[in-house]
Amino acid sequence: MDKHEVEAEEHRPENWPLGRLLGAASRTVERAWAEALEQRGLTHAGLVVLHLLELGFDSQSDLARLARVEPQTMSRTVDRLEREGLLVRQPDTVDRRRHVLAVTDEGRAAFAGVRGLEDEVFPEVDDPAALRAALLQIVSARS
């Protein structure tokens with residue numbers, strides 16, 4: 001094998017260090033996911049908020065904590081979703097200083113419109129359960 005063949009072999013993805021491979025896979029999937037969500041009028045951050053609201057969380061501070069983002073970041077996301085009519089802020093009936101968030105009918109429709117999107121967007125892998133377990137292990141180790 002000459003120098004160029006060795007170099008070409010070293011640069012094949014199957015020979016990349018794990019960090020490079022994980023970064024490249026992450027960027028590839030993230031781009032495809034963002035494009036698919038955008039076609040449906042959502043962002044990843046907006047989808048996370050709608051999901052958390054569907055799970056019953058209704059305070060902006062809880063949403064920020066659960067989404068692992070800064071309160072200011074969550075505020076911008078909530079503002080955008082409110083402008084787009086996907087959620088509303090309502091006065092808390094118990095604490096007048098606080099507002100609670102609620103998904104609108106449009107927000108529920110937008111959220112329903114992305115159910116199953118992962119199956120359309122993400123590439124098929126041989127062992128999806130093992131991939132999910134590995135990703136959960138990586139995310140949990142950094143929590």
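The values are calculated or read from the model by the stated rules, or taken from the named source; none is laboratory data. Remember, predicted model here, so these are calculated numbers, not experimental data. Don't worry about glycine lacking a Cβ; one is built from the backbone with ideal geometry, like all the others, and counts go over all protein chains shown. Note: areas computed on protein heavy atoms with side chains; ligands, DNA, RNA excluded. Shrake-Rupley method; radii C 1.70, N 1.55, O 1.52, S 1.80 Å.
Annotations for the structure displayed:
- Meets criteria (touching a helix residue (DSSP H, G or I) at 6+ places or on another chain (Cβ under 7 Å), at pLDDT 95 or above, assigned to a loop (DSSP other than H, G, I, E, B) and not hydrophobic (A, V, I, L, M, F, W, C)) for Gly107: no
- Qualifying position, being farther than 20 Å from Phe111 by Cβ and either out of contact with any Gly (no Cβ under 7 Å at 6 or more places or on another chain) or open to solvent by less than 80 Å² (accessible area, probe 1.4 Å) (or both), among Arg76, Arg96: Arg96
- Residue that is farthest from Val103 (Cα to Cα), among those in segment 51-86 that are of a type in the set (S, T, N, Q) and under 15 Å from the mean Cα position of the chain (by Cα): Thr73
- Number of residues in segment 110-142 that are in contact (Cβ under 8 Å) with a residue 24 or more places away in the chain, open to solvent by 80 Å² or more (accessible area, probe 1.4 Å) and in a loop (DSSP other than H, G, I, E, B) equals 1.
- Against the numbered list (1) surrounded by 11 or more Cβ atoms within 10 Å (Cβ to Cβ); (2) under 18 Å from Thr104 (Cα atoms), Leu55 comes up short only at (1).
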